[in-house]
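Q: Dumping the structure here so I can ask a few things about it.
The values are calculated or read from the model by the stated rules, or taken from the named source; none is laboratory data. Predicted model only: the values in this text are computed from it and were never measured. Every residue, glycine as well, gets a Cβ built from its backbone with ideal geometry; the counts of neighbours run over all protein chains shown. To get the accessible areas, we keep the full protein, side chains included, count just its heavy atoms, and leave off ligands, DNA and RNA. Shrake-Rupley method; radii C 1.70, N 1.55, O 1.52, S 1.80 Å.
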Amino acid sequence: MTSTDFSYPQPTDDELAAQQPRVPAPPVHPVYASPRPDDLADAHNGVNTRMDGAASVKSPTLGKVAVALSIVAMALSLAASVILGVTVGPSEAASGYYFTDTPDWYQTLATVLVGVQGLCTCLGLTGIILGITAAVTGRGRTPGIIAIAIAAIAPFVSFGTFVALAFIAA
């Protein structure tokens, strides 16, 4: 141990290296090495299985599920925005400015479509979470990244579609 008081002489790097043991380090197998045929045979027998996971392949199912959820969320959200955007202008022109002035069937339709938007929000957030998990764990990295992108862009596309159609239909 060396002193923090620098007035005393400190050991040099060569002196510190001389104090280390002269035992060579054991060879370490890299993680990226391909599995040997005998390791695969042993893995099927349950004897001497590898612990680094090189012999097992991760399934991309999680990333594919994330993409499916994101696409469903985007499609439903766009459909709800299109229906609501096309009908809000004419309904306002025919019934009045306030939502309570519109007919009951339109109030029900608008409420259901807003509920669908809430459902799409939950599906999109689930797609983002599953996409992040898939990308981080390597279980469908590319589909996971695509799912994150779709679910992140979908609200902006949906809202932009609603606003554009509401102005056009008005």
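Q: Can you name the residue in region 130-144 that is touching a residue at least 24 places away in the same chain (Cβ under 8 Å) and of a type in the set (A, V, I, L, M) and is also surrounded by the fewest Cβ atoms within 10 Å (Cβ to Cβ) among such residues?
A: Here the residue is A135.
Q: Considering region 73-107 alone, what residues qualify as being closer than 16 Å to G124 by Cβ and buried (at least 16 other Cβ atoms within 10 Å of the Cβ)?
A: In the first step, residues of region 73-107 are kept if they are closer than 16 Å to G124 by Cβ; the result is 73-81.
A73, M74, L76, S77, L78, A80, S81, listed by residue number.
Q: So, one more: Checking V112 against (1) without any contact (Cβ under 8 Å) to a residue 60 or more places away in the chain; (2) of a type in the set (V, I, T); (3) touching a helix residue (DSSP H, G or I) at 6+ places or on another chain (Cβ under 8 Å): exactly one of these is not met. Which one?
A: Going through (1) without any contact (Cβ under 8 Å) to a residue 60 or more places away in the chain; (2) of a type in the set (V, I, T); (3) touching a helix residue (DSSP H, G or I) at 6+ places or on another chain (Cβ under 8 Å) one by one, V112 breaks only (3).
Q: Just to be sure, is S158 in contact with a Leu (Cβ under 6 Å, 6 or more places away or on another chain), at negative phi and surrounded by 13 or more Cβ atoms within 10 Å (Cβ to Cβ)?
A: yes
Q: Shifting gears a bit: Working only within region 118-129, note down all residues that are open to solvent by 50 Å² or more (accessible area, probe 1.4 Å) and in contact with a helix residue (DSSP H, G or I) (Cβ under 6 Å, 6 or more places away or on another chain). Even if it seems obvious, please write down each step before you answer.
A: Residues of region 118-129 that are open to solvent by 50 Å² or more (accessible area, probe 1.4 Å), as a first pass: 119, 121-122, 125-126, 129.
Of everything in region 118-129, just one residue is open to solvent by 50 Å² or more (accessible area, probe 1.4 Å) and in contact with a helix residue (DSSP H, G or I) (Cβ under 6 Å, 6 or more places away or on another chain), namely T126.
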